[in-house]
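K.L.:
Before anything else, here's the structure in question.
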Amino acid sequence: MQQPQVTIVVVPRERFSYTQQSLESIYEQTQYPFKLVYVDGNSPAKIRRYLEKMAQEKNFQLIRTDYYLSPNHARNIGLNYVDTKYVVFFDNDVIVTPGWLEALVNCAEETDAAVVGPLMCEKLPLHQRIHFAGGESHIVTDIYGKRHIREKMYRQGQQVPEVYDQLQRTETELTEFHLMLVRREIFDRVGKFDEGFFNTKEHLDFCMLVSQAGGKIYFEPTSIATYVPGKFLEWTDMHFFMLRWSDDWTLKSLNYMKEKWNLAEDGYFKNKYKKLGWRRKNTIVKPISKRLSNLFGLDYQSLKERLFSWEKVLNRYLCDRYARKHLQPSKNQVLTQIALSSTPERPKDLASLKH
């Protein structure tokens, strides 16, 4: 049999309740040979048992931590187990279409691209609404010498059937980590993922580093996938979602972006500050507020704002507790591997997998 050129590294995005649908889509829709490494960051017991069962059935590498993971931390854990020419970083809420992987590899082989991104769609129904079709990520300097980030996502919100004939493979500046193929050797030039980014803008940072190192980034529309955010969360998703999109992690990431790339605190960043917590407000606070206002005849708007202010206090507490338990170098965090004979050996130095 042909030896796989690709390792798919699946990592948690913002919830665990779509794990089964996403993982099964990989095996149902992927004919191109691949290895798979699954990084499980403290999923609930039901999901943990499912992943352990699937790892044995499908013979993939399963790595589990007993604490929640930031995205770049999870990707770095998975990257330690990659020994193939290409690696695909794959969020655990993504559904793919037939031929998706072969299209990405063909693009990389034919263009010598370091990074290739698909036509990424969002929400249900699947593969209909465009989230991302390439984009821009670069820095401009104004007449006063101040540096500003320029970020743009192409075709966002457009319908696939209406514009697909207009899309073509093209070199671009940006793709996202929902699903991204990367040539493994580029990490020799740019290093591993920067864990100073906790939850946002890590894709901008990585793509700009790749471009600086002379790597090419391509958009490949014949590879189509959709990420499916949860309209309503299961209770077992709440804690991770609140941490993943916390004010603390967002502010740390934005401030780190400014410092690393020497950027001015301009309208781009001020707009991000104003929107702190919007995902938690839309996904957690609004549904709870609607239910309570309907049950007890309360004013929805005032209840929503009051609950959001309370949620912010809880959010700070959860972040502080997480930092004390899991971001201190003295803490002994547990990483578990299900060893399978056909996959790479466990790295000898597990210190590199911990904060």
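The values are calculated or read from the model by the stated rules, or taken from the named source; none is laboratory data. Just so we're clear, the structure is a prediction, and the values are computed from it rather than from any experiment. Positions of Cβ are backbone-derived with ideal geometry, glycine not excepted, and every protein chain shown enters the neighbour counts. These area figures cover heavy atoms from the full protein model, side chains too; ligands, DNA and RNA do not enter into them. Shrake-Rupley method; radii C 1.70, N 1.55, O 1.52, S 1.80 Å.
K.L.:
Given (1) more than 30 Å from N255 (Cα to Cα); (2) in contact with a Gly (Cβ under 8 Å, 6 or more places away or on another chain), where does G134 come up short, assuming only one miss?
P.N.:
Evaluating G134 over (1) more than 30 Å from N255 (Cα to Cα); (2) in contact with a Gly (Cβ under 8 Å, 6 or more places away or on another chain) leaves (1) as the failure.
K.L.:
Also, I was wondering about something else. Please go through the stretch 210-263 and give me each residue that is among the hydroxyl-bearing types (S, T, Y), crowded, with 22+ Cβ neighbours inside 10 Å and outside any helix (DSSP H, G or I), ordered by number.
P.N.:
Listed by number, the residues that qualify are Y218, S223, T226, Y227, S246.
K.L.:
Return the residues of the stretch 133-166 that are assigned to a strand (DSSP E or B) and among the polar types (S, T, N, Q); say none if nothing qualifies.
P.N.:
Scanning the stretch 133-166 gives S137, T141, Q159.
K.L.:
Suppose we filter the stretch 167-202 for residues that are assigned to a helix (DSSP H, G or I), closer than 18 Å to P71 by Cα and without any contact (Cβ under 8 Å) to a residue 60 or more places away in the chain; how many remain?
P.N.:
Going through the stretch 167-202 one residue at a time, the tally reaches 1.
K.L.:
So which residues in the stretch 140-163 are open to solvent by 30 Å² or more (accessible area, probe 1.4 Å), aliphatic (A, V, I, L, M) and more than 21 Å from Y218 (Cβ to Cβ), if there are any at all?
P.N.:
V140, I143
K.L.:
Go through P229, P125 for me and flag whichever is under 29 Å from Y27 (Cα atoms) and within 18 Å of the chain's Cα centre (by Cα).
P.N.:
The match here is P229.
K.L.:
With a cut-off of at least 2 residues that are open to solvent by 50 Å² or more (accessible area, probe 1.4 Å) and farther than 21 Å from Q337 by Cβ, name the helices (runs of 4 or more DSSP H) lying wholly within the stretch 1-79.
P.N.:
19-29
K.L.:
Checking I130 against (1) among the aliphatic types (A, V, I, L, M); (2) assigned to a strand (DSSP E or B); (3) open to solvent by 20 Å² or more (accessible area, probe 1.4 Å), which test does it fail?
P.N.:
(3) is the only condition that I130 fails.
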